[in-house]
Amino acid sequence: MYSFNDFLQVLWQRKKTILILTFGLLVIGSTGFVFMKGFYYTNQVSFLLPVAESAEGNEDDLENENQVISSNIKLIETYKELVKSDAVLQAIQEDLPQQSKQQLLDCMKPSSSINSQIFTVSVTTRSSKESKEIAKSLSEIFPKIVEASRLPRNVFLLSAETSETVRTPRLSKLIVGAGIASFMFSTSCSFAWFYLSEQKYVRSPEVVQLLIEIENIGIVDFYEL
């Protein structure tokens, strides 16, 4: 039975082999991940439902403004649903014919914070170029669709982060994760090889006594009938 100290001793004795194997697996794994296009690229577009300006001198200005804000917060869900409507998808497809309706539905994710008049659409694809193109198209098309739909409020483009693409997972996290996995695999293989190569078989009473600390009472021969 091997103890933890035996495990550490085996690793220290084979540290060069483990380091070489870990580095090799790290390079192979990271390179394979990149060539298999395992990264996702996200661009965000944010829209604001503004508060309508009230007439000057109205004593109920503050109350009216609060009512408009409350109404906008309730309308956010309607506008988020409109992002994935046929009218918006068809308009984006006219701008980007290579994108299918299902691809657009899968890559666009509207979200908003609680009690907020702002909602954000995250566009995530496996291509940074596609994410930027879809986000830019949406930022130009969506306000026009809302205006044409005669909804209670128009929307204003708050920010179109088409130039700020977020890649997931980040390269640093990928390297750290791949390094940990490579090291664990390398140490497991080294210990398994040591266990198999150094495995001992009981061949004499002296070995029995040494391993399990029993008194030697003799040898019994085995005869097969």
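The values are calculated or read from the model by the stated rules, or taken from the named source; none is laboratory data. These figures come from a predicted structure and were not determined experimentally. Protein only, heavy atoms only, side chains kept; ligands, DNA and RNA dropped before computing areas. Shrake-Rupley method; radii C 1.70, N 1.55, O 1.52, S 1.80 Å.
On a per residue basis, region 65-152 carries 56 Å² of accessible surface, using protein heavy atoms and a 1.4 Å probe. Across region 75-81, computed HN-Hα scalar couplings (Karplus, 6.51 cos²θ - 1.76 cosθ + 1.60, θ = phi - 60°) run 6, 3, 4, 5, 5, 5, 5 Hz from first to last residue, x flagging Gly and Pro. Within the accessible surface of region 70-190, defined with a 1.4 Å probe on protein heavy atoms only, the carbon and sulfur portion equals 53 percent. Backbone amide hydrogens, once placed in the peptide plane, bring residue 127 within less than 5 Å of 41, excluding anything fewer than 5 places away on its chain.
Using a/c under 1.5 as the rounded threshold, could you call region 80-172 rounded, prolate or oblate? The axes a ≥ b ≥ c are square roots of the C-alpha gyration tensor eigenvalues, and prolate needs a/b larger than b/c, oblate otherwise. It comes out oblate by the Cα gyration axes. I'd like the accessible area for residue 106, computed on protein heavy atoms only with a 1.4 Å probe and all protein chains in place. Round to 10 Å², please. Spelled out: residue 106, probe radius 1.4 Å, area about 110 Å². In this structure, the pairs whose alpha-carbon distance is over 18 Å, taken from 74/136; 84/109; 74/132; 109/132; 74/144, are 74/136; 74/132; 74/144.
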